[in-house]
Amino acid sequence: MSKSVLGIVGGSGFYNLPGIENPHWEKVSSPWGEPSDEILFAELDGLPLRFLPRHGRGHRLSPTHINFRANIDALKRAGVTDLVSISACGSLKDQYAPGHFVLVDQFIDRTFAREKSFFGQGCVAHVSMAHPVSPLLVEAVAQAAQAESIETTTGGTYLAMEGPQFSTRAESFLYRSWGCDVIGMTNMPEAKLAREAEICYATVAMVTDYDCWHDEHAHVDVASIIAVMKDNTEKAQRLVDRLAKNFPREHHACPIGSDRVLDVAIITPPEARDRAIVQKLDAVAGRVLG
């Protein structure tokens, strides 16, 4: 059993972790390009923490221009076993008002301008995404939210759109007709790449607005979103603090196999694999590629 290393990806408005010990920012190089920022290495009650601001400090990167492959690869190189994504999102349901947190368990990926896999020509792999989040990690986050009295719903579908523009009203109604619960721009391909890297993954979707379907809230603007973000960020920081303090120090095997998914995913036989691609996969798939 390996030691747990808890990773946090901070979304819009979430740029730091208060109360941590021995913090230092460190550049982690990746063969997949430049990550969004340096990674913050720290500890909390003896638990190793790794924090990466998804948009970079100062929110420099739009969703389309985030190098998701480099981010996940760098977090893997930093030792992360369990990754919690903190993400601002819009609500597609009446009951999820701004300030509500949703621990989603499904995704619909409508992004189209992003690299979505570490694998491809030279080394092909197909990982299962039927259950895209890791249940033990979601349970731990849910318990932390409950302990901090944060209004949270466990379960829901996240619609990932390309952005950076917000939805049209017609799109918003379409996504509601599909049964989606929240809408955001950043959790895909992040969740897919975390699965390929055998990192247990969970999402905390922090509602900031009602997208544009709601008759009484039919216009989304950045100023109102930022106002809600400030309160959401304070709650998310409390949630992460509680999560880290109670988190298992030993990494338990994921019951759906998300931390061993490459055992049955790589289809290209060893003699046919491109050596250059295999070298780039040293962190992501080194366990199975040798």
Single condition LYS76 does not satisfy, out of (1) in contact with a strand residue (DSSP E or B) (Cβ under 8 Å, 6 or more places away or on another chain); (2) under 19 Å from LEU6 (Cα atoms); (3) outside any strand (DSSP E or B)
(1)
Can you find a residue in the stretch 163-174 that is over 19 Å from PRO248 (Cβ atoms), assigned to a strand (DSSP E or B) and at pLDDT 95 or above?
no
Would you mind telling me which numbered condition in (1) in a helix (DSSP H, G or I); (2) of a type in the set (Gly, Ala, Ser); (3) at positive phi ALA244 fails?
(3)
Yes or no: ALA244 surrounded by 19 or more Cβ atoms within 10 Å (Cβ to Cβ) and in contact with a strand residue (DSSP E or B) (Cβ under 8 Å, 6 or more places away or on another chain)?
yes
Output the residues belonging to the stretch 167-180 that are of a type outside the set (A, V, I, L, M) and at negative phi.
SER167, THR168, ARG169, GLU171, SER172, PHE173, TYR175, ARG176, SER177, TRP178, CYS180
Residues of the stretch 28-58 being touching a Lys or Arg at 6+ places or on another chain (Cβ under 7 Å), among the aromatic types (Phe, Trp, Tyr) and surrounded by 20 or more Cβ atoms within 10 Å (Cβ to Cβ), in sequence order, are TRP32
Residue tally, condition part of a loop (DSSP other than H, G, I, E, B), surrounded by 13 or more Cβ atoms within 10 Å (Cβ to Cβ) and aliphatic (A, V, I, L, M), over the stretch 254-290
3
Filter the stretch 110-145 for residues that are crowded, with 20+ Cβ neighbours inside 10 Å, outside any loop (DSSP other than H, G, I, E, B) and over 16 Å from the mean Cα position of the chain (by Cα) and give the result.
CYS123, ALA125, ALA144, ALA145
Conditions: (1) within 17 Å of ASP259 (Cα to Cα); (2) touching a Ser or Thr at 6+ places or on another chain (Cβ under 7 Å). GLY79 meets all but one. Number of the miss?
(2)
Looking at ILE20 and the list (1) among the hydrophobic types (A, V, I, L, M, F, W, C); (2) at pLDDT 95 or above; (3) surrounded by fewer than 20 Cβ atoms within 10 Å (Cβ to Cβ), which single condition is not satisfied?
(2)
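Given the criterion at negative phi, at pLDDT 95 or above, in contact with a helix residue (DSSP H, G or I) (Cβ under 8 Å, 6 or more places away or on another chain) and part of a strand (DSSP E or B), identify the matching residue among ILE183, ILE150.
The unique qualifying residue is ILE183.
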Taking the criterion of being in contact with a Gly (Cβ under 9 Å, 6 or more places away or on another chain) and at pLDDT 95 or above, would at least one residue in the stretch 256-266 satisfy it?
yes
Selection over the stretch 160-193 where residues are within 16 Å of ASP94 (Cα to Cα) and in contact (Cβ under 8 Å) with a residue 40 or more places away in the chain yields a count of 10
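Residue-by-condition table, conditions (1) touching a residue at least 40 places away in the same chain (Cβ under 8 Å); (2) over 20 Å from CYS200 (Cα atoms):
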| position | (1), (2) |
| --- | --- |
| LEU6 | yes, no |
| VAL9 | yes, no |
| TYR15 | yes, yes |
| LYS27 | no, yes |
| GLY33 | no, yes |
| GLU38 | no, yes |
| ALA42 | no, no |
| ASP45 | yes, yes |
| ARG50 | yes, no |
Hey, among the residues in the stretch 80-105 that are part of a loop (DSSP other than H, G, I, E, B) and within 16 Å of the chain's Cα centre (by Cα), which one's surrounded by the most Cβ atoms within 10 Å (Cβ to Cβ)?
VAL104
Taking the conditions exactly as written (within 27 Å of LEU281 (Cβ to Cβ) and of a type in the set (A, V, I, L, M, F, W, C)), does PHE101 satisfy them or not?
no
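The values are calculated or read from the model by the stated rules, or taken from the named source; none is laboratory data. Please read these numbers as outputs of a predicted model, since none were measured by experiment. Heads up, the Cβs are rebuilt from the backbone with ideal geometry, glycines too, and the neighbour counts pull from every protein chain shown.
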